[in-house]
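Each remark here refers to the structure printed beneath this line.
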Amino acid sequence: MKTTESTNYKQTEASVELERGVYAALETYSNVHRGSGHNSMVTTHLFEQARDIILEYMGLNKNKYTLIFCTPRRAAILKMKLEPESYQIVSSQDIGLSIGVSAIAIKRKALPKGVPFQTGGGTTRLISKDWVIWADAPDKFEAGTPAIINIITYAKALRLIQQNGKDIFKNPFDEKHSATNILYQDELEKYTGQELLSELRQTLIGKNALVPTIEGAKPFINLDNSASTPTFIPIWNTFCQTYRQSEEVKVAIINEVKIIIAKMLNARLTDYDVVFTSNTTEAINLVAESLGNESDKSNKTVVVNTFLEHSSNDLPWRMIPDSSLIRLSIDADGIFDLNELEKLLNEYNNKCLYGSKRIKLVAVSGASNVLGICNNLKEICRIVHQYGAKLLIDAAQLVAHRKINVEEAGIDYLAFSAHKVYAPFGCGVLLVRKGLLNFNTNELELIKSSGEENVGGIAALGKALVLLQRIGMEIIEKEEQVLTGLALNSFGKIAGLSMYGIKDPNSPMFVNKLGVITFSLKNIMPNNVAKELALQRGIGVRYGCHCAHIIIKHLLHVGPFLERFQKLISTLFPKLRFPGVVRVSFGIENSIEDVHTLINVLDKITRKTHTSAEEHSTYVDNKKTILTKSLVKQQMNDFTKAVALKVYSQH
């Protein structure tokens, strides 16, 4: 009895310590690598440190091995391309955590060459309409946003295992809840609508976290929701409760989340399947792979998308054997011409003007991650189905911001990610009309079981969607439109600021715009704008090409000659990144005060009120100490190291 009590005590202690560390990571969570500001710096550091921790646990030299994070299915595919002695693999399932992380360590000399087996965001350095320069490993093999928080969780758990024994998370937990209790009950359940939104904002993880700036410690302002969203305590609690449950309860949770998704999107489960993946990118790759598996080879596959698309809704279609891709042009607001779409479909599928080529799929974004524009899904679908093609919607930017009616529109495939819906725990979704996936029974079972291994992420997504439904998507849309309108009006008054897409809140097209605004400042590089926003007031935004190189080049009028020059430079200098544009993007945690702060800092930047002396001195202005930029940069580095210590240290 004493042994059992001791084991249970150690397990509880380890669980508490695990959650303490992961909660600290969530307080400063952002997407990795290509963001600006404190949170992106910290999360990138934690993510890359996780690689070192896992390699250390495996007893491998990080100079000789590259660690790649995968889902179980991705790991299985990657292993087929490797010699048995060239890799080692570990997974979260091995240690008793249902978070869907597989980590495969590959000898650097054995890394597969050529085109990666799944493509999309992060797998490239530079792309054009006709060519691709692939990223180096590990990015090349980690298509889409990785399960960052789950990976940090896994690394932290391995450290606890080294301290407490390999079975510390394998024993059954005493805590038992039903799927209904975990997904629907919380401390805010008495609230709905606007009142729930106000109360939920108070539970934002990291709400009171202070970051170093020129004006001293300030609350971080996240204006990078299009890249990834923060989370809230009820969603975090759901994640924590789920990994402690029995297998029976976990299965019930998975099934209930499918019901929640179907209700949220108005898609009957008698007509649609819900397939869980790691992110939107993996979901879209599945559809591309399915198209390549079609048994009817009499007609050659043509896919149609647009100049707007994220790499994840462009690159996978290029990889289908013996197929072709056509891109629809867009106007200045980001709207593509439905007449052009219908003309193409008529010529290929009705008049058969191009031999055996047939447009089998139209794949378009529900909302652009660069211009924030929403196209008319119902009308697009009507045209697509009229000519016998199928429609895929990349809804990564749409689900958290607008109501979607899959049944009414007639959508065949819809893909999105939980990390853009306030549940950053590594879950993606492919909603697909029954019978459309061309995989054999065993492969389809592997696909489904691979995604469902991350029960914690699935539960967190379910909880997030429940909360959004209780608030009401109409309320969320109205709130975000207020912020977007205020920002557009204010941006228009800043000298030297150029916006892209819809600029006027009074435009009849404004109702179709999400809270995504891209811009540039005259004579100031986008990376410097982003750095200034972080240094001066702790504002996190994103700059660069936003994994949407084709539309960015279109907006910046990059012609064929300059594009070829960029290709040459990128080949000679692989670490060089091209400037692109700055993007701010709003979420439910943002306020009018956040917009005012952003405008004030942008106004300061454009007016150049700060002198070069700031780089070297500290002075007092109205009794408030103004810190030097160099000092704040050092403080940001110290801040990053302090958070990493808090996350990974043993308390």
Need the list of aspartates and glutamates near LYS434 for cross-linking: C-alpha distance under 15 angstrom, and skip anything on the same chain fewer than eight residues off.
ASP271, ASP273, GLU407, ASP412, GLU445
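With runs of 4+ DSSP H residues as the only contributors, calculate the mean residue ellipticity of the chain at 222 nm using -39,500 (n - 2.57) per run, divided by the residue total and rounded to the nearest 500.
Helix contribution divided over all residues of the chain: -13500 deg cm²/dmol.
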10 Å binning of all Cα-Cα separations within the chain, expressed as whole percents from 0 upward:
3, 16, 27, 28, 18, 7, 1, 0
To the nearest 0.05, the calculated FRET efficiency linking HIS177 and TYR23 through their beta-carbon distance, R0 being 25 Å, is 0.80
Can you list the trypsin sites (Lys or Arg not before Pro) in the range 137-172 that are in a DSSP coil and have 15 or fewer other beta carbons within 10 angstrom?
LYS166, LYS170
Cut-off 11 Å (backbone N to label point 7 Å along Cα→Cβ of TYR354), residues of the range 294-335:
300-305, 323-328
Those trypsin sites (Lys or Arg not before Pro) from the range 372-445 that are DSSP loop and have at most 11 other Cβ neighbours within 10 Å turn out to be LYS434
Simple SL model, points at 7 angstrom along Cα→Cβ for ASN442 and VAL482; separation in nm is 5.8 nm
List nothing, just return the count: lysine pairs in the range 2-164, 8 or more apart or interchain, with Cα separation under 14 Å.
11
Which whole number in µm²/s is D for the range 498-571 by Stokes-Einstein, with the Kirkwood Rh taken over Cα pairs at 10 °C and 1.306 mPa s?
109 µm²/s
Just want the answer: with Cβ charges of +1 for Lys and Arg and -1 for Asp and Glu, which residue in VAL362, SER507, THR44 is farthest toward the dipole's positive end in the chain?
THR44
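May I ask you to list, by number, the DSSP H helices of the chain whose Cα span along the axis is at least 20 Å and whose average Kyte-Doolittle hydropathy reaches -1.0 or more?
Span-like helices, by this rule, are 2-27, 38-58, 148-164, 247-265, 455-471, 473-491, 592-607, 629-648.
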Which lysines does LYS608 reach when only Cα atoms under 19 Å apart count, and residues fewer than 8 places away in its own chain are ignored?
LYS493, LYS522, LYS531, LYS629
The chain - charge dipole about Cα centre, Lys and Arg +1 at Cβ, Asp and Glu -1, debye rounded to 20
1640 debye
Lysine pairs, Cα distance under 25 Å, 8 or more residues apart or cross-chain: how many in the range 164-286?
12
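All of the numbers you see were taken from the coordinates with simple rules; none came from a lab. Remember, predicted model here, so these are calculated numbers, not experimental data. In this analysis, Cβ positions are derived from the backbone assuming ideal geometry, glycine residues included, and neighbour counts consider all displayed protein chains.
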